[in-house]
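Here the structure is laid out as structure tokens; the discussion comes afterwards.
The values are calculated or read from the model by the stated rules, or taken from the named source; none is laboratory data. Quick caveat: nothing in here was measured; it's all calculated off a predicted structure. Quick reminder, even Gly has a Cβ in these numbers, built from the backbone with ideal geometry, and neighbours come from all protein chains shown. The accessibility values were calculated without ligands, DNA or RNA, using every heavy atom of the protein model including side chains. Shrake-Rupley method; radii C 1.70, N 1.55, O 1.52, S 1.80 Å.
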Amino acid sequence: WDRDEDGVPDFNDPYPDDEDLPGRLVVPEEISFISGIDTVNVTISNNRWDTFTVQEIALEPSALSPLSPDNFLWFVSDGGGGWTPTSPAAIAGTSLAPGQSLALRLQFVPDGLAAGSYTATVRLDTDLFADEVTLVEVRL
């Protein structure tokens, strides 16, 4: 059942009558990089009833796009204001209990790309919930 038709089954939805809650696991909903090296903070939050484990987080360029996962660098917050380099493979296996979050930073490096507009997605796969997709837009 999904009384509020927000895509989250009522047994996983702490707010089964509010279609705006619990909201997305990944924030922001859309990521934009404009011109040159740019960085965006990305947060994975557990705003649900159950602990979940990240099975995979993948940056997937659109078909025929010259973008590559190598054009993006991942960092994880050290909790003290600093950022530690990481990888999608290292993020996989991370468990988040209700109310916990994981602060990430995604950096775009335009090496080898011509001027233009490109798209990709960040796909989050967990052990409990359907894949969540976040649009990534790049303009050089």
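Leaving out ligands, DNA and RNA, and with a 1.4 Å probe, what % of the accessible surface on the range 47-140 is carbon or sulfur?
Details: 2450 of 4670 Å².
Result for the range 47-140: 52 percent of the exposed heavy-atom area is carbon or sulfur.
Compute the accessible area per residue over the range 20-126, keeping the other protein chains in place, probe 1.4 Å, unit Å². Each step should come with its number before you reach the end.
Values: 5240 Å² over 107 residues.
For the range 20-126, the per-residue accessible area is 49 Å².
Once the whole set of protein chains is in place, how much accessible area is left on Asp111, using a 1.4 Å probe, in Å² to the nearest 10?
120 Å²
Please compute the net charge surrounding Ile57, taking Lys and Arg as +1 and Asp and Glu as -1 over other residues with Cβ under 12 Å from its Cβ.
On the way: positive: Arg123; negative: Glu56, Glu60, Asp125, Asp131, Glu132.
Net charge around Ile57: -4.
Rolling a 1.4 angstrom probe over the protein chains, ignoring ligands and nucleic acids, what is the accessible area of Phe75 in square angstrom, nearest 10?
40 Å²
Assign one of three labels to the range 68-140, namely rounded, prolate or oblate, based on the Cα gyration tensor with a ≥ b ≥ c the square roots of its eigenvalues; rounded applies when a/c is under 1.5, prolate when it is not and a/b is larger than b/c, and oblate otherwise.
Numbers: a/c = 2.49, a/b = 1.50, b/c = 1.66.
Oblate, since a/c reaches 1.5 and b/c is not below a/b.
Under 14 Å from the Cβ of Ser68, count the other residues' Cβ atoms, weight Lys and Arg +1, Asp and Glu -1, and hand me the total. Can you show the working numbers first?
Values: positive: none; negative: Glu60, Asp70, Asp111.
Residues close to Ser68 contribute a combined charge of -3.
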